[in-house]
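The next block holds one structure in the form of C-alpha cells; read it before the comments.
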C-alpha cells in the first residue's frame, strides 16, 4: 500500500477513481449525485465509501476523514460555451466545477486534479473561469499546471482529448511532470473489439476488424434530459460508418453466427463502448442500456487516470 489517499467528487462510473487506484491511491470517499452511478461504484468496489449527494450540498465537516488527504480529484460535467448550449445547463456545470475548487479550502489536499474539456485549458471563453480557479488556489498556496491529454496516447482506442488541471502545494510543484504517452502507436477500433465482436461466433468479425483501422471518435454520453443511446452527432456517426459501425443506436448483444454478412454495418454494445473507454472487461455498469452507456460516455478513461495518478504520486513522493 502506498499510503496515498484521495477523495473523488463527481465520481460518475469510477473511471478516474479506478485509474487512481491502479496508480496506488486509496479512496477515502467517492461522491456523486446520480443513484445509478453510485450503484455502479458499489457494484465494483463494495468496500469503497460511496456517498450519493450533490456536490453543492456536501459539507466535509460531516466527513472528517476527508481532511488532509493527499489528492482531491474531480471529473465534473464538462463545461461548455454558452454559445453552444442552454445557459442554465452551462451555469450548472460551472457551479459544479467551482464547487470542486472551493472544496480545497476545507479538505486542504496536497494536490488537486480536475479533468474537463480541452477548451478549459486555453479557450478565451473560459478565461474568467480560469482566473477564478487560479486566484482561489494560489490564495491557498497551490501552484497550477494546465495541459491537454489525448486518451489515445495512453492505449485507449479513442480520440478523446481532455483538459487537465493539476494543482500542488508549492513545495511539491517543481517535481511534477505531466504524463507522457504510454504507447508508441494508437490502438484501432478493430483490434480493440475483434475478440468481443467474434464472441458469439460471427464469422465476419475478422473481416470487419481488418477495416476498422482508426481509433474511435470521442464517445459522448449525451444529456440525461433527452435522447437515447447513440454514438454522437452526425459527423461522429459518419466517422463510425467509415469503420462499418452504425452509430445511430446500440445493440443488445454482439452479432451471432447467423448474422447476414451482406449487411453493411454492425452496432456496438454498451460493453464494447466501455472497452473503447479503457475500462477493464470485469467492470460492470448498473442500470438499463441507455443509463449504462451514458455513464460510459461521461467517464474519464481509467488509463488516463492511472497515468495522471502516477505523475501526481511521483511529485508528492519526491
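Just so it is clear, none of the values below were taken in a lab; they were calculated from the coordinates. None of these values were measured; they are calculated from a predicted model. In this analysis, Cβ positions are derived from the backbone assuming ideal geometry, glycine residues included, and neighbour counts consider all displayed protein chains.
Can residue 191 be described as without any contact (Cβ under 8 Å) to a residue 40 or more places away in the chain and either over 25 Å from the mean Cα position of the chain (by Cα) or not in a loop (DSSP other than H, G, I, E, B) (or both)?
yes
Of all strands (runs of 3 or more DSSP E) completely enclosed by segment 1-78, which ones contain at least 1 residues that are under 27 Å from residue 170 (Cα atoms)?
Filter on segment 1-78 gives 4-9, 25-32, 71-74.
Could you say which residue among 12, 24, 3 is in contact with a strand residue (DSSP E or B) (Cβ under 7 Å, 6 or more places away or on another chain) and surrounded by fewer than 19 Cβ atoms within 10 Å (Cβ to Cβ)?
From the options 12, 24, 3, the qualifying one is 24.
Just need a number here: residues in segment 1-25 that are under 20 Å from residue 278 (Cα atoms) and out of contact with any helix residue (DSSP H, G or I) (no Cβ under 7 Å at 6 or more places or on another chain).
Total satisfying the criteria: 2.
Conditions (1) crowded, with 22+ Cβ neighbours inside 10 Å; (2) touching a helix residue (DSSP H, G or I) at 6+ places or on another chain (Cβ under 8 Å); (3) in a loop (DSSP other than H, G, I, E, B), marked per residue:
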residue: 213; (1), (2), (3): no, yes, yes
residue: 231; (1), (2), (3): yes, yes, yes
residue: 239; (1), (2), (3): no, no, no
residue: 264; (1), (2), (3): no, no, yes
residue: 268; (1), (2), (3): yes, yes, yes
residue: 273; (1), (2), (3): yes, yes, no
residue: 281; (1), (2), (3): no, yes, yes
residue: 304; (1), (2), (3): yes, yes, no
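Yes or no: segment 117-128 includes at least one residue that is closer than 26 Å to residue 275 by Cβ and either touching a residue at least 24 places away in the same chain (Cβ under 8 Å) or part of a loop (DSSP other than H, G, I, E, B) (or both).
Yes, some residue in segment 117-128 is closer than 26 Å to residue 275 by Cβ and either touching a residue at least 24 places away in the same chain (Cβ under 8 Å) or part of a loop (DSSP other than H, G, I, E, B) (or both).
If I filter segment 59-81 down to residues being under 23 Å from residue 117 (Cβ atoms) and touching a strand residue (DSSP E or B) at 6+ places or on another chain (Cβ under 8 Å), which single residue comes out as surrounded by the fewest Cβ atoms within 10 Å (Cβ to Cβ)?
Across segment 59-81, the extreme among qualifying residues is 78.
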